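Since the structure comes first, as structure tokens, the remarks are kept for the end.
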């Protein structure tokens with residue numbers, strides 16, 4: 001998602017990336033949360049997640065979403081809800097999924113990235129979260145997708161996030177599904193039907209999350225998606 005800040009007469013002076021990381025998860029089926037928070041006075045536009053090293057084949061990020069660094073959001077463990085205005089942080093959850101950490105292996109690391117905009121004034125940029133949660137996938141080796149769309153009053157699509165979860169991620173702390181094989185397969189700007197947009201598409205309004213189960217059934221599994229929408233005067 002690309003745009004050009006205009007330092008002379010536009011509402012945004014610049015954009016910056018904030019990264020945070022934690023060591024973990026260190027146990028089989030364990031999870032680790034890390035949160036990157038924009039500096040005071042900035043606006044969160046989007047974010048991302050990463051888990052390393054690649055040599056641990058079952059290690060993966062399972063959630064990447066906007067949040068707020070306050071007690072109401074349990075300092076990132078609870079995601080931003082539909083309609084929330086100006087979240088300040090991006091959260092990422094890593095899932096171990098496989099064997100426990102052993103001596104001599106590189107430590108697993110979970111990373112969160114926040115894309116932050118420095119506005120001319122605190123009122124020159126407003127961001128709004130649009131969120132959708134759908135049931136599934138619950139059957140082994142099947143997929144599901146969910147879309148979230150910016151409303152006309154929300155401004156343009158700035159980015160988005162996705163998760164595969166046990167549900168209710170905006171009202172309770174994030175919790176993983178019952179199967180460690182469950183994973184995300186996509187998080188991308190799309191049309192309203194969930195088809196990825198092509199390079200050069202102007203002004204998309206929808207973000208899509210795609211998820212997939214592992215080799216066993218996974219009841220009570222949900223697919224979550226967030227669209228980050230930004231409006232300027």
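No lab work stands behind these numbers, since they all come straight from the coordinates. Only a predicted model underlies this, so the values are computations on that prediction, with no experimental measurement involved. Reconstructed Cβ throughout: ideal geometry from the backbone, glycine too, with neighbour counts over all protein chains shown.
Values computed for the structure shown
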quantity: Neighbour-count order for 151, 78, fewest beta carbons within 10 angstrom listed first; calculated: 151, 78
quantity: Within a Gaussian network of the chain (alpha carbon springs, distance under 10 Å), most fluctuating of 192, 49, 114; calculated: 192
quantity: Over the stretch 59-102, relative contact order from alpha-carbon pairs under 8 Å, at least 6 apart, %; calculated: 50
quantity: Contact order relative to length of the chain, as percent, for alpha carbon pairs under 8 angstrom and 6 or more apart; calculated: 25
quantity: Cα-based radius of gyration of the chain once divided by 2.2 N^0.38 Å, which approximates compact folds; calculated: 1.00
quantity: Relative contact order, percent, the stretch 19-130 [alpha-carbon distance under 8 Å, six or more residues apart]; calculated: 42
quantity: For a label point 7 Å along the Cα-to-beta-carbon line of residue 173, residues of the stretch 27-49 with backbone N under 20 Å; calculated: 27-37
